[in-house]
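Accompanying notes for the structure given below.
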Amino acid sequence: MREGLLKEIAAHGDRGAIVPVSRFEELRCEIEALRSDKHHMFINWMAGFMAIPDDLGFQPRSLISVIVPSPKYMFGFTYGGDIHHYIVPPQYLDEVYKDDEVLQYISAYLEPLGYRAVLFDRLPQKLMAVHSGLGFYGRNNLCFHEEFGSYIRLITLISDLPCDEADWYPARRMETCDKCRACVNVCPTKAIESDHRIINTTICLTTMNEVPGDFPQWVDQNAHNALIGCIRCQDCCPANAHNKNKIVKGVTFTEEETQELLTHKEDEPFSDSLAAKIKAAGIYGAFLKVLPRNLAVLLHQGTLST
Ligand code: B12
Ligand code: SF4
Ligand code: SF4
């Protein structure tokens with residue numbers, strides 16, 4: 001059955017691994033042991049977040065890790081008569097629908113066999129994928145799949161599908177990293193430290209631009225490079241060279257729509273036409289909340305003193 005499910009996952013263009021649920025405890029211990037790391041901000045958060053709910057409705061027996069290839073998107077914004085194109089890095093636009101798609105095809109396979117699975121992200125998804133052999137870490141802390149590189153979304157599930165044992169590898173880094181420091185050099189906030197395995201998550205641009213609020217003064221205006229998140233430590237990586245130019249071209253917003261986005265106040269509704277366009281583009285609530293600020297900083301690059 002395990003092999004059958006893995007084939008089903010591959011038939012959908014994704015890659016999967018299934019491990020016994022007892023591995024959850026090992027992941028928890030590994031995260032606990034990292035609490036003393038100098039860059040422990042999200043480690044402490046993850047340690048508190050990790051938990052298997054007791055109302056699953058079934059006895060959990062396995063964890064399923066799925067790697068889904070995820071493209072970059074590019075949206076256009078008409079501003080001052082010119083069209084400016086900006087990237088949405090992998091995984092942000094998938095988030096809304098891809099997890100459910102994966103859950104649906106996995107459930108459609110398992111349920112006739114008498115088993116169930118539910119989405120379960122309360123664990124370190126990269127660590128789980130690397131231990132289960134689906135990928136390797138990069139020096140930039142991301143998980144790389146040999147075919148898709150780091151342009152992926154990781155999805156994890158918990159199931160009552162029996163699994164007594166499965167391969168479990170040590171946390172490993174790609175060999176390509178041995179002689180490379182490209183991500184260290186390109187990171188706009190110097191968050192990647194060459195000789196430390198955990199990045200400085202407090203100064204990673206993503207930590208600041210995924211949530212509302214003013215950017216700290218120390219962040220150079222020209223550091224920003226995407227409508228959310230940051231693409232620098234992925235696009236520079238030799239392990240992504242073969243996928244780097246795969247970009248899905250999304251909508252272009254008109255001059256009026258761009259102005260409406262830039263001046264939008266959080267509690268106000270968008271005009272009907274812009275709301276429809278935002279929805280069609282796949283831009284969801286949390287992303288939409290930060291879009292006006294993130295777009296403004298990109299459009300105004302080079303116009304303010306830093
Ligand atoms: C919190 C979080 C963040 C935080 C902290 C990120 C971090 N590096 O910890 C912030 C906001 C900064 C962030 C940013 C981003 N995130 Co994020 N994030 C998460 C989240 C919710 C938890 C991550 C976590 O567990 N951190 C805790 C630390 C301990 O985990 P860790 O990095 O795996 O730590 C191990 C490595 O450092 C490893 N290691 C690294 N090198 C080496 C070398 C050796 C030799 C060894 C032994 C070990 C080792 O050792 C540690 C474990 O022992 C996950 C979703 C989830 N539930 O897992 C998404 C997730 C990790 N994020 C993701 C993405 C895409 C991003 C961004 C690329 C977004 C963007 N900018 O476009 C950036 C990348 C920043 C970066 N370079 O890491 C994806 C990862 C996809 C991938 N290819 O790996 C995830 C899995 C979301 C998803 N479902 O797809 N994120
Ligand atoms: S850019 Fe170089 S050092 Fe960084 S993750 Fe890629 S191969 Fe490793
Ligand atoms: S996502 Fe950007 S800011 Fe964060 S570590 Fe990578 S390059 Fe640095």
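Structure values in brief
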read-out: Cβ-Cβ under 7 Å pairs, at least 6 apart or on other chains, the stretch 79-100 side within 18 Å of Ile247 (Cβ to Cβ), far side in a helix (DSSP H, G or I) and aromatic (Phe, Trp, Tyr); value: Tyr92/Phe287
read-out: Some residue of the stretch 34-43 being touching a strand residue (DSSP E or B) at 6+ places or on another chain (Cβ under 9 Å) and modelled with pLDDT under 95; value: no
read-out: In the stretch 123-164, the residues that are of a type outside the set (Gly, Ala, Ser), within 7 Å of ligand 1 (Cβ to nearest atom) and outside any strand (DSSP E or B); value: Leu123, Pro124, Gln125, Lys126, Leu127, Arg139, Asn140, Asn141, Leu142
read-out: Total residues in the stretch 195-207, condition more than 9 Å from ligand 3 (Cβ to nearest atom) and not acidic (Asp, Glu); value: 4
read-out: Residue among Cys183, Cys177 that is surrounded by 13 or more Cβ atoms within 10 Å (Cβ to Cβ), closer than 20 Å to Gly149 by Cβ and near ligand 3 (Cβ under 9 Å from one of its atoms); value: Cys183
read-out: Qualifying residue in the stretch 188-204 (condition: within 14 Å of ligand 1 (Cβ to nearest atom) and without any contact (Cβ under 8 Å) to a residue 12 or more places away in the chain); value: yes
read-out: Unmet requirement for Cys177, which otherwise passes all of (1) more than 19 Å from the chain's Cα centre (by Cα); (2) more than 9 Å from ligand 1 (Cβ to nearest atom); value: (2)
read-out: Output for the stretch 100-118, where each listed residue is among the hydrophobic types (A, V, I, L, M, F, W, C) and part of a helix (DSSP H, G or I); value: Val102, Leu103, Ile106, Ala108, Leu110, Leu113
read-out: Count of residues meeting criterion [more than 11 Å from Arg293 (Cα to Cα) and within 16 Å of ligand 1 (Cβ to nearest atom)] in the stretch 208-223; value: 4
read-out: Filtered residue count, the stretch 32-61, keeping only those that are exposed (fewer than 13 other Cβ atoms within 10 Å of the Cβ) and either on the phi < 0 side of the Ramachandran plot or of a type in the set (A, V, I, L, M, F, W, C) (or both); value: 11
read-out: Some residue of the stretch 83-99 being in contact with a Leu (Cβ under 9 Å, 6 or more places away or on another chain) and assigned to a helix (DSSP H, G or I); value: yes
read-out: Tally of residues being more than 20 Å from Ser70 (Cα to Cα) and either aliphatic (A, V, I, L, M) or surrounded by fewer than 17 Cβ atoms within 10 Å (Cβ to Cβ) (or both) across the stretch 265-291; value: 15
read-out: Pairs where the first residue, in the stretch 104-125, is basic (Lys, Arg) and the second is part of a strand (DSSP E or B) and buried (at least 19 other Cβ atoms within 10 Å of the Cβ), C-beta under 7 Å, 6+ apart; value: Arg116/Ser159
read-out: Residue match in the stretch 229-237 (condition: within 16 Å of ligand 3 (Cβ to nearest atom) and on the phi > 0 side of the Ramachandran plot); value: yes
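Quick grid of which residues meet (1) among the small types (Gly, Ala, Ser); (2) within 17 Å of the chain's Cα centre (by Cα); (3) within 19 Å of Ala286 (Cα to Cα):
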position: Trp218; (1), (2), (3): no, no, no
position: Ile228; (1), (2), (3): no, yes, yes
position: Cys233; (1), (2), (3): no, yes, no
position: Thr254; (1), (2), (3): no, no, no
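The values are calculated or read from the model by the stated rules, or taken from the named source; none is laboratory data. It should be emphasised that the depicted structure is a prediction, and the values quoted were computed from it without experimental measurement. Note that we place each Cβ from the backbone using ideal geometry, even for glycine, and neighbour counts take in every protein chain shown.
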